[in-house]
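To start, the structure itself, in structure tokens.
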Amino acid sequence: MPADGRLNPIESMRGGLRRVGLRLRRRARPRTPRRTPVRAPGLVAEVRRAHPEGYPGDFTGTSTVDYAPKDDHVPDPGEIVWTWVPFEEDHSMGKDRPVLVVAYDGPYPLALMLTSKDHDDDEVRQSDEAEGRDFVDIGSGSWDRLGRQSEVRTDRVIRLDPHAVRREGGVLGRSRYEVVAALLRQIRGWT
């Protein structure tokens, strides 16, 4: 820098290019999608008191399936929401994924996992049958931003911590929900 404190034209151009480059890099970063906050229903203290360690466990009983989606930021039967789902083998580990809410067990929403993996292939179906897993196609919807076809796993019912529900993904149409409900009635004895 010269003694008079002014930058020569080349130096001032470099600084301007650096600022433009930083601005362009900031704009090129992917933006996270806006989230619709999901509010948990009442009985917050009951959930925390019963399971302070986190996951309240898979649901093994029977329940009543009733299509009742509402635009109230509470996970309702018929809605697909995103939440953390623990692995079967180790409940301390899991994955963020969409789930279909099908019923309630007290303060806990009961949900079925969604997957975009196709389970209609013969080899995959044989593996699923050997493991006791069962899937039903539900098509695509707003819960998958890539528009992929989805399937619901009906043999594992997950109790959700209502505070762990991250966002709403969409509402499953009534006719597709009734297919899932019919399977739950047939396989699990739900009403």
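The values are calculated or read from the model by the stated rules, or taken from the named source; none is laboratory data. All figures in this text were calculated on a predicted structure; none of them were measured in a lab. Neighbour counts are summed over all protein chains in view; Cβ atoms, including those assigned to glycine, are modelled from backbone coordinates with ideal geometry. Please note that ligands, DNA and RNA were not included when accessible areas were found on the heavy atoms of the full protein model with its side chains. Shrake-Rupley method; radii C 1.70, N 1.55, O 1.52, S 1.80 Å.
The rows are residues; the columns are (1) within 20 Å of R166 (Cβ to Cβ); (2) at pLDDT 85 or above; (3) not in a loop (DSSP other than H, G, I, E, B).
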{"position": "E53", "(1), (2), (3)": "yes, no, no"}
{"position": "T62", "(1), (2), (3)": "no, yes, no"}
{"position": "D66", "(1), (2), (3)": "no, yes, no"}
{"position": "K70", "(1), (2), (3)": "yes, yes, no"}
{"position": "H73", "(1), (2), (3)": "yes, no, no"}
{"position": "V81", "(1), (2), (3)": "yes, yes, yes"}
{"position": "V85", "(1), (2), (3)": "yes, yes, yes"}
{"position": "H91", "(1), (2), (3)": "yes, no, no"}
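With respect to L146, is the statement that it is open to solvent by 90 Å² or more (accessible area, probe 1.4 Å) and modelled with pLDDT of 80 or more true? Can you show your working first?
Values: open to solvent by 90 Å² or more (accessible area, probe 1.4 Å): yes; modelled with pLDDT of 80 or more: yes.
Considered against the rule, which asks whether it is open to solvent by 90 Å² or more (accessible area, probe 1.4 Å) and modelled with pLDDT of 80 or more, L146 comes out as yes.
If you scan region 150-191, which residues turn out to be of a type in the set (D, E), within 27 Å of G94 (Cα to Cα) and either open to solvent by 50 Å² or more (accessible area, probe 1.4 Å) or under 14 Å from the mean Cα position of the chain (by Cα) (or both)? Write out each step before concluding.
Initially, region 150-191 is screened for residues of a type in the set (D, E), giving 151, 155, 161, 168, 178.
Now drop any that are not within 27 Å of G94 (Cα to Cα), which leaves 151, 155, 161, 168.
Once the filter is applied, which keeps residues that are of a type in the set (D, E), within 27 Å of G94 (Cα to Cα) and either open to solvent by 50 Å² or more (accessible area, probe 1.4 Å) or under 14 Å from the mean Cα position of the chain (by Cα) (or both), region 150-191 yields E151, D161, E168.
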Within region 157-187, can you find the residues that are part of a loop (DSSP other than H, G, I, E, B) and farther than 14 Å from L112 by Cα?
P162, H163, A164, G173
